[in-house]
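The next block holds one structure in the form of structure tokens; read it before the comments.
The values are calculated or read from the model by the stated rules, or taken from the named source; none is laboratory data. On a predicted model such as this, the values are computed, not experimentally measured, just so you know. Virtual Cβ from ideal backbone geometry, glycine too; neighbours counted across all protein chains shown. Remember, those area values only see protein heavy atoms, side chains included, never the ligands or the DNA or RNA. Shrake-Rupley method; radii C 1.70, N 1.55, O 1.52, S 1.80 Å.
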Amino acid sequence: MSCHHSKELPREEILKHAWLQVDRGADVVKIVARCESEDKILEHLETIKILKNELPVPFLYLTSGPRKYA
């Protein structure tokens with residue numbers, strides 16, 4: 001399953017979307033999140049760490065945004 005966001009979302013929303021995919025039977029969770037600033041990069045890395053520790057299925061987590069931050 002795949003989820004692409006056109007605006008930045010807080011970590012809680014991203015995790016919610018990941019779990020919705022799991023609940024719907026996804027074999028692999030894929031999320032593309034917006035990253036609009038350099039300050040948010042560490043937050044996205046922390047989100048990856050949480051997904052790695054909590055999700056029972058493999059996942060792909062990508063960011064998109066201004067070229068220098070994605």
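Taken over the range 3-24, residues that are open to solvent by 50 Å² or more (accessible area, probe 1.4 Å) and at pLDDT 90 or above amount to 10.
Taking the criterion of being within 12 Å of residue 8 (Cα to Cα) and hydroxyl-bearing (Ser, Thr, Tyr), the residues of the range 28-70 that qualify are 37, 63, 64. If you go through the range 1-18 and keep only what is under 11 Å from the mean Cα position of the chain (by Cα) and either assigned to a loop (DSSP other than H, G, I, E, B) or touching a residue at least 24 places away in the same chain (Cβ under 8 Å) (or both), you end up with 2, 3, 4, 5, 8, 9, 10, 11, 14, 15, 18.
Among what's in the range 25-70 and is part of a helix (DSSP H, G or I) and touching a helix residue (DSSP H, G or I) at 6+ places or on another chain (Cβ under 9 Å), pick the residue that is surrounded by the most Cβ atoms within 10 Å (Cβ to Cβ). Among residues in the range 25-70 that are part of a helix (DSSP H, G or I) and touching a helix residue (DSSP H, G or I) at 6+ places or on another chain (Cβ under 9 Å), the one surrounded by the most Cβ atoms within 10 Å (Cβ to Cβ) is 47.
Which members of the range 9-22 meet the condition of being out of contact with any helix residue (DSSP H, G or I) (no Cβ under 7 Å at 6 or more places or on another chain) and more than 11 Å from residue 57 (Cβ to Cβ)? Scanning the range 9-22 gives 9, 10, 12, 13, 16, 17, 20.
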